[in-house]
Amino acid sequence: MPDVNVCGLVCPEPVLLVKRAIDAREKGTVTVLGDSEAARENIKRLATGKGWSVQIEAQGEQWLLTLTK
Amino acid sequence: MFTLKGKGLVILTGLSIGALAVILTLAGNPANMGICIACFLRDIAGGVGLHRAAPVQYVRPEIIGIVFGAFVAALASRSFRAMGGSNALTRFVLAFIGMIGFLVFLGCPLRMLLRMSAGDLNAWIALPGFAIGIAVGIWFINRGFSLGRATRQNEAHGLVFPFIMGVLLVLLLINSTVFHFSTEGPGAMRAPLLPALGASLVVGALAQRARFCLVGPIRDMIMFRDPYLLFGMVSLFGAALIGNLIVGNINVGLTGQPVAHTEALWNFLGMALAGLCFTLVAGCPLRQLVSAAEGNTDSAVTILGVLVGAAFAHNFGLAASPAGVPPNGQIAVVAGFAVVLAIGFALSTVKVFANKGRVNESA
């Protein structure tokens, strides 16, 4: 079960949800499941910009991002 | 396609669109309208007889080319995916109303940039209106506005929109007399079909790979301080400015601007209304076209909303002309704000983001 599920959402909602999640956690690990290329790239940019490392794992048509800080 | 990333691509896309727009105007498209998604969809609405405004009827190959370019790029990069079911009717209504805003200003954000680059100060007045409209949309999104999740659909659904464009192209190539074509006015000013199609294939493919958008730059800067898309917007403006300097199409002022009017209040409010609507549907008309080509049927319905909005705008005397904004258009903008604000409040009082601060969000 991912911490944040952004499947089927379009920008800016995916980035907003992830931003709220990582701002709430401050550090640790946050997993994000999604399906759109745009959301994946935008979330990657947000997370790396805030000092989180990003790991991408393809899951069929979806992807799972593991954000760690 | 993980190789195509970073800012290079979005800058290249902006530069290409700006340069091609100047070239398409040289080749015959209306002034400061080398590429305008709103204007060209309005022309298509007239071309297929949805409205009877004789000067703005043509089946613009640029729209078809952008869709095909994006479709092929999405297939090639394995990002084509049939998705839909995220409240298409509400999107239709928002696009319909937003289109009235565009036609009160006379252009989508792409044409706004082209007009700005040619010295049309009316467009510079519209820009802050557009930004404020986007900011109001963000206010709704931050308080929980959502049109809901799209779900995965059978791939065939995603092919419907490109297929419709294919039908238009075939008719355009083999028997264009079935359409209504302007004999004078902007609709009669056309770049040759095949070069226009070719240029817009490039635009569509680049815009798909770069996720190009002209609502996103302002939205992402305000919401996340993320300048990625802004690089594209500034590049587009820069390329168009340089292109216009080269071809001598610079005329700084408010009056005497091509396909424009000087009613500052309505230029401002028209783009504010459109900025609000297209923030709520998550992307400018170009982005919606590309997204529809990628298989998003919600975006395809959004484009239909733009087409029908254009038809109503001309059938009911709402659209502006160089003479100004007719009274019905002014009423429509005010009424449009009332409806969109009602939609915004209605859909953001429902707590989509349940338990604020809780990380785990269930669908």
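Assorted remarks:
- Applying a 4.7 Å Cβ-Cβ cutoff to chain B leaves B:C108, B:C213, B:C277, B:C284 as cysteine residues with no disulfide-compatible partner.
- Rounded to the nearest 5, the antiparallel percentage of DSSP beta bridges internal to the protein assembly as shown is 80%.
- Label positions at A:E26 and B:E184, each projected 7 Å from the Cα along the C-beta direction, are separated by 7.2 nm.
- Taking every residue in A:37-44 and counting other chain Cβ atoms within 10 Å of its Cβ, the average works out to 5.
- Mean partner shielding of peptide B:292-301, defined as the number of other chain Cβ atoms within 10 Å of each residue Cβ, is 1.
- Computed lengthening from B:L254 to B:A323, 0.36 nm per intervening residue step minus Cα-Cα distance: 23.5 nm
- Gain upon complete extension [B:R225, B:A346; 0.36 nm per residue less C-alpha separation]: 40.8 nm
- Part-to-part distance (alpha-carbon centres) for the stretch B:229-301 and the stretch B:124-145, which is given in Å: 15 Å
Throughout, read-outs are computed from the coordinates displayed, never taken from laboratory work. A quick note: this is a predicted structure, and the numbers were derived from the prediction, not measured. Virtual Cβ from ideal backbone geometry, glycine too; neighbours counted across all protein chains shown.
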